[in-house]
Amino acid sequence: MSVLMMQVSDPHFGVERSAVCTALRRLAHEQKPALVAASGDITQRARGEQFAAARRFLDSLEAPALMVLPGNHDIPLFNVAARVFAPYRAYRRAFGKAHDTVIDTAHMRVVGLDSTRRYRHINGELSDTQIERTACQLRDAPPGVLRAVVLHHPVVASRASERHNRVHKHAAAVRRWVESGADLIFGGHIHLPFVHALRGDGNRTGWAVQAGTSVSLRTRRDAGNSVNLIRIDARDPRQCVVERWDYREHSGQFELIALSALTLDPHPD
Ligand SMILES: [Fe+2]
Ligand SMILES: [Fe+2]
């Protein structure tokens, strides 16, 4: 099964762990994902040197395609003038435009969305335009490819205590995107890995895929550093596997911890 994508979320450069970065680089070189998608909180404090370090690290993974999306930590917090007038300046210097994007690889269409808002300190938001444009991009994907959306803030919570972290307009987005063919919707922000079924308006099911913090010190008591790898069966592209790889202190490596084997629903005509 070929590795389509590696999700690297919430690296928080500035408080990254160098041993974990080394282990993740080794994993990427071994697994050779066609795409690395970094789902936000690239830095701890949106500083230029933190973005530059993140850029060097993400380039060193040597993936043929790289998608980097902003998180709430990638907007200045304490510098109010920068927050109001140029919130994405440091991000842009390292990664180019901080706006919505689409990447097509041989087996996937991936729509990346900026869910950060300068007027929201932590929470994320989707506009009606983002929701509708994404639905069109999902429907217009080349036939047979896996269809995915990536954003920083989660569209679903696995625990009641995390519901307040869901992106604003998550319910409308999930309904539209799943019925428009979304197979997987990736998020980060809460540093808690899980895979969760999502229902559209019709009969389709999609899947939310959340990742932990990939390389930072900001781990939770019950979730350490982790990344996700997405594989498909080349003979049957509707058979998809989401693998969760955790960094293990005893081995100093990322190890396969959990595996979700998903049979993806057909796309709409
Ligand atoms: Fe984060
Ligand atoms: Fe965040």
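Every number here is computed from the coordinates shown, using simple stated rules; none is lab data. Everything quoted here is computed from the prediction, not taken from an experiment. Every residue, glycine as well, gets a Cβ built from its backbone with ideal geometry; the counts of neighbours run over all protein chains shown.
Annotations
- DSSP assigns beta bridges within the chain; of those with both partners inside it, close to 60 percent run antiparallel.
- In the calculated pair-distance distribution of the stretch 2-263, the portion above 31 angstrom amounts to 17 percent of the Cα-Cα pairs.
- Charges were assigned to the Cβ only: +1 to each Lys and Arg, -1 to each Asp and Glu. The resulting dipole of the stretch 2-263 about its Cα centre is roughly 580 debye.
- Centroid-to-centroid separation of the stretch 94-139 and the stretch 21-57 [C-alpha atoms, Å]: 19 Å
- Between Asn203 and Ser158, the C-beta separation translates, for a Förster distance of 25 Å, into a calculated FRET efficiency of about 0.60.
- Summed over qualifying helices (DSSP H, 4 residues or more, each -39500 (n - 2.57)) and divided by its residue number, the chain shows a 222 nm mean residue ellipticity of -7000 deg cm²/dmol.
- The H on the amide N of Leu146, modeled in the peptide plane, is under 5 Å from the matching H of Met108, Arg109, each at least 5 residues off or on a different chain.
- Choice from Asp201, Asp114, Asp236 showing the highest fluctuation, given a GNM over the chain with Cα pairs closer than 10 Å: Asp236
- For peptides 67-76, 217-226, 4-13, sequence by mean Cβ density within 10 Å, most packed first: 4-13, 67-76, 217-226
- Chymotrypsin sites (Phe, Trp or Tyr not before Pro) lying in DSSP loop within the stretch 107-189, provided at most 16 other Cβ fall within 10 Å: Tyr119
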